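Trainee: The structure is given below, and queries will be raised subsequently.
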Amino acid sequence: MTTTTRVVLPAPPAARPAPTPGRAKRRKDRAGYLFLLPWFIGMLFTVIPFVASLYLAFTDYNLLNAPQWIGLENFQEMYRDPLLRQSLKVTFIYTFVSVPLSLVVALGVAMLLNQGVRGLPVYRAIFYLPSLLGGSVAVVLLWRYIFGLDGVVNAFLGWFGIDGPGWTSDPDYALTTLIVLHIWTFGSPMVIFLAGLRQIPTMYYEAASVDGASKWRQFRSVTLPLLSPIIFFNLIQSLISSFQTFTQGFIMSGGTGGPADSTMFYNLYLYQQGFSQFNMGYAAAMAWMLLVIIAVFTALNFLAAKYWVFYDN
């Protein structure tokens, strides 16, 4: 008689249901919020000062006595303040001249470094270094020495018989000197441009070459459109940073905004009102006006972006 043994195999595990699109999206959202959590925590420490500054903008406050509510008088005084208009003029000239020139130089250097240059990390570090130091006190003092009346620039011009002006003490050249300093610190946007250039597929350039496109045509029709999101990002970053310029004007002029208020940046005048004249209510109103100015120009750039920024998706 033969005995048959039955082997019972375990049932296969139930297949896990595939995640739905909604569940996958929520999972990604949770990861995003997790990375943003430090920023949200830090924001909690700025909410109270942020709200307090809005209240102080409508008060007369000198840091010594309790704030006195005066309504819109600070904003009305801003409309009548000639030095505030001068600070706006200086800041606008500085921003709308230095930002485009800095981006052009940064893009040009990035394209040169993208041509397979040997020792690329070394050159990249050298060009990036000024952007780390450009707003520091030491570099501005060095810049003041180089462009002083007896500085390096005038010594160089003297070899050719040219009597150079006091670049930092002449109202006609002081702001230009600071614009040159800003252009010199092009390293940060340059590194971002270089990363963007290296992400452009070479097949686009190969196809353009087959069609007989020149290098200039390839730059206009391939490089600029595909690099436009990077250009837009650098533009917004540089625009916001330039409107907030303070250290360069403060150190170059010794905190006075001179010569003849030619380097009186908006933030420098705000500092004078708040911490030199103790007119903190007026300074708070100026700070909120600067916020509005930056928000307006940022919004205008976002509105204009749909006409020139190209996203491949």
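Trainee: Of the residues Gln76, Gln68, Gln86, only one is touching a residue at least 60 places away in the same chain (Cβ under 8 Å) and of a type outside the set (A, V, I, L, M, F, W, C); which?
Mentor: After applying the criteria, what remains is Gln86.
Trainee: Additional query: Kindly indicate whether Trp143 is touching a Ser or Thr at 6+ places or on another chain (Cβ under 6 Å), closer than 23 Å to Thr91 by Cβ and either part of a helix (DSSP H, G or I) or not hydroxyl-bearing (Ser, Thr, Tyr) (or both).
Mentor: no
Trainee: Now for a separate question. Exactly one of these conditions fails for His182: (1) surrounded by 16 or more Cβ atoms within 10 Å (Cβ to Cβ); (2) outside any helix (DSSP H, G or I); (3) not charged (D, E, K, R). Give me its number.
Mentor: (2)
Trainee: Of the residues in the range 154-179, how many are surrounded by 15 or more Cβ atoms within 10 Å (Cβ to Cβ) and under 23 Å from Pro130 (Cα atoms)?
Mentor: Result for the range 154-179: 10.
Trainee: Scanning the range 214-253 for residues that are of a type in the set (Phe, Trp, Tyr) and within 19 Å of Ala304 (Cα to Cα), which turns out surrounded by the fewest Cβ atoms within 10 Å (Cβ to Cβ)?
Mentor: The qualifying residue surrounded by the fewest Cβ atoms within 10 Å (Cβ to Cβ) is Phe233.
Trainee: Being of a type in the set (D, E, K, R), part of a helix (DSSP H, G or I) and over 20 Å from the mean Cα position of the chain (by Cα) is the filter here, so list the residues in the range 63-118 that pass it.
Mentor: Correct list: Glu73, Glu77, Arg80, Arg85.
Trainee: Tell me, yes or no, whether the range 182-204 has at least one residue that is at pLDDT 85 or above, more than 26 Å from the chain's Cα centre (by Cα) and hydroxyl-bearing (Ser, Thr, Tyr).
Mentor: There is at least one residue in the range 182-204 that is at pLDDT 85 or above, more than 26 Å from the chain's Cα centre (by Cα) and hydroxyl-bearing (Ser, Thr, Tyr).
Trainee: A further question on this structure: Among what's in the range 197-230 and is assigned to a helix (DSSP H, G or I) and small (Gly, Ala, Ser), pick the residue that is nearest to Ala106 (Cα to Cα).
Mentor: Checking each candidate, the answer is Ser228.
Trainee: Could you tell me whether any residue of the range 115-126 is modelled with pLDDT of 85 or more, within 27 Å of Ile240 (Cα to Cα) and either surrounded by fewer than 17 Cβ atoms within 10 Å (Cβ to Cβ) or of a type in the set (D, E, K, R) (or both)?
Mentor: There is no residue in the range 115-126 that is modelled with pLDDT of 85 or more, within 27 Å of Ile240 (Cα to Cα) and either surrounded by fewer than 17 Cβ atoms within 10 Å (Cβ to Cβ) or of a type in the set (D, E, K, R) (or both).
Trainee: Further question: Just the residues that are among the β-branched types (Val, Ile, Thr) and touching a residue at least 24 places away in the same chain (Cβ under 8 Å), please, taken from the range 51-65.
Mentor: Within the range 51-65, just Thr59 meets the criteria.
Trainee: I'm told Phe160 meets every condition in (1) farther than 23 Å from Tyr94 by Cα; (2) in contact with a helix residue (DSSP H, G or I) (Cβ under 9 Å, 6 or more places away or on another chain) except one. Can you identify the failing condition by its number?
Mentor: With respect to (1) farther than 23 Å from Tyr94 by Cα; (2) in contact with a helix residue (DSSP H, G or I) (Cβ under 9 Å, 6 or more places away or on another chain), Phe160 is out only on (2).
Trainee: With respect to Thr256, is the statement that it is part of a loop (DSSP other than H, G, I, E, B), in contact (Cβ under 8 Å) with a residue 60 or more places away in the chain and of a type in the set (Val, Ile, Thr) true?
Mentor: It is false that Thr256 is part of a loop (DSSP other than H, G, I, E, B), in contact (Cβ under 8 Å) with a residue 60 or more places away in the chain and of a type in the set (Val, Ile, Thr).
Trainee: Which of (1) farther than 30 Å from Ala305 by Cα; (2) of a type in the set (Val, Ile, Thr); (3) part of a helix (DSSP H, G or I) is the odd one out, the single condition Ile162 does not satisfy?
Mentor: (3)
Trainee: Within the range 47-62, can one find any residue that is surrounded by 15 or more Cβ atoms within 10 Å (Cβ to Cβ) and assigned to a helix (DSSP H, G or I)?
Mentor: Yes; the residues of the range 47-62 include at least one that is surrounded by 15 or more Cβ atoms within 10 Å (Cβ to Cβ) and assigned to a helix (DSSP H, G or I).
Trainee: Taking the range 191-222 only, how many residues are in contact with a Lys or Arg (Cβ under 8 Å, 6 or more places away or on another chain) and touching a residue at least 60 places away in the same chain (Cβ under 8 Å)?
Mentor: 2
The values are calculated or read from the model by the stated rules, or taken from the named source; none is laboratory data. What you are looking at is a predicted structure, and each value in this text was computed from that prediction instead of being measured. Neighbour counts run over all protein chains shown; Cβ positions are idealised from the backbone, glycine included.
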